[in-house]
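The values are calculated or read from the model by the stated rules, or taken from the named source; none is laboratory data. Since the model is a prediction, treat every value here as computed from it, not as a measurement. Here Cβ is always computed from backbone atoms with ideal geometry, including for glycine, and neighbour counts include all displayed protein chains. These accessible areas exclude ligands, DNA and RNA; they are computed on the full protein's heavy atoms, side chains included. Shrake-Rupley method; radii C 1.70, N 1.55, O 1.52, S 1.80 Å.
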Amino acid sequence: MNPVSRDADARSTGDADSPANDRDSAGSSPLKSAITGKLLFVFILGDVLGAGIYALVGEIAGKVGGAVWVPLLVALAMAMLTASSYAELVTKYPKAGGAAVFAERAFRRPAVSFLVGFSMLAAGVTSAAGLSLAFAGDYLGTFLDVPTVPAALVFLAVVALLNARGIKESMRANVVMTVVEVGGLMLVVALAAVVVGRGDGDPGRTLEFTDTASPAVAVLAAALLAFYSFVGFETSANMAEEVRDVHRVYPRALFLSLGVAGAVYVAVGLAVSAVVPSSELAETSAPLLAVVSAADVGVPDRLFGLIALVAVANGALLTMIMASRLTYGMARQRLLPSAGARVLPRRRTPWVAIVATTVIAMILCATGTVAALAETVVLLLLVVFVSTNLAVLVLRRDRVQHPHFRTPAVLPVLALISCVVLATQQTADTWLRAGILLAVGAVLHLGLRRTRGRGLENAETVNS
């Protein structure tokens, strides 16, 4: 990666009053700049180290065998490629809206910008809905016997209240929850070391591949699931306006958090394979709990269940923060109704966006399963990643007046290839679900354009 650089000849393209040029200026933002480098690092790490690793390790083992750590490394490499594009674009255009802002600047077509932003928004809200169902399912069932969907709705309402209270308060809660979930993963690694140390484990399993497919095919299939465990870093792009000294802080926090997450995931992958056979891991929905039980050193199953609940809750909170900020950013760019840009006077949080995204998540969690929602999230994010990696190449000729990170041109190209490879691993059902969601977005965009067109016609009629 190249260090932060300043473009030699600062100049902007387009009209001086265009929204794109407004993003180039340092300008003031109605959002409060309250996120430091440390808070941003914890934010991204907490978003990546979420429910995925707690639930998907068993399914990864079922596809690849005992060598769980291999697809995790492959997925990390793929995530780093796209992260390099985000590092350049976020520091070049530090405004809320993320991928939608990048698409508007690069392609100059409102339909494309809206589709990208809507894909990101749909993925975020869908992910939060799935996480709310996961929170209200078997994990919560170890403590309370309550219906899943009503509990998920209450959970989303609590997340919305914390989100509306303020970004700083939300980030503080994220710090606590991230410490808990990282502690849970480290506990699994430590307990695995105990099991192996007393001779009950089998470290040789970590080098075994399934005999149902070639190692390359198995790793690629498992990498799709592993990639889901790394997504989340892209949500940080929507926090750009609230980060202090973004051009210096953002790349460092982004790459460091992904590196730490990758190291933790590899350690967990080695741990579970050394303690529990892959065939057993594939049959359980709580693979990490299987390690705790196998260690049998007095750690209560309920305690680890609580840790898993915290991990899921943290992922849902961070995802809803992203979704509300993305809605706010798209409303400011007139890609969604302008009401979405309203903020609370004292808290300076986008309350309309928070309410809207929470309601949509509530509807989704009442109509879908965790598995169906998770599969849809991955494909929607691949659409966003393809757009972002193309945008960083297109915008190389655009100059700005402030320093920003610059990534080698080959990395976005490799990232595009990785996105296509992962998309080919998706099932027809997943393509259908994502297609329906994108079709809804397309209809919404056409409706907004027609409404604006009628407004202009009425204005012209009044002036004539």
Query - Cα gyration tensor, the range 176-280 - rounded (a/c under 1.5), prolate or oblate - result: oblate
Report summary line: Descending packing, highest mean Cβ count within 10 Å first, for 100-112, 57-69 is 57-69, 100-112
**Report entry** Spin-label model distance (nm) - residue 293 vs residue 439, 7 Å beyond Cα toward Cβ
**Finding:** 4.3
Report task. For residue 217 and residue 420, compute 0.36 nm times the residue count separating them, minus their Cα-Cα distance, and round to one decimal in nm. Result -> 71.5 nm
Report summary line: Of 251-259, 434-442, 405-413, ordering from highest average Cβ density within 10 Å down gives 251-259, 405-413, 434-442
Query raised in the report: Given R₀ = 45 Å, FRET efficiency for residue 245-residue 111 by Cβ-Cβ distance, to 0.05?
Result: 0.85
Query - Gyration tensor (alpha-carbon) shape descriptor, the range 293-388, a/c threshold 1.5 - result: prolate
Query raised in the report: Over the range 266-357, what percent of the accessible surface lies on carbon and sulfur atoms, probe 1.4 Å?
Result: 57
Query raised in the report: If one computes the Cα centroid of the range 45-112 and of the range 363-397, what distance in Å separates the two points?
Result: 9
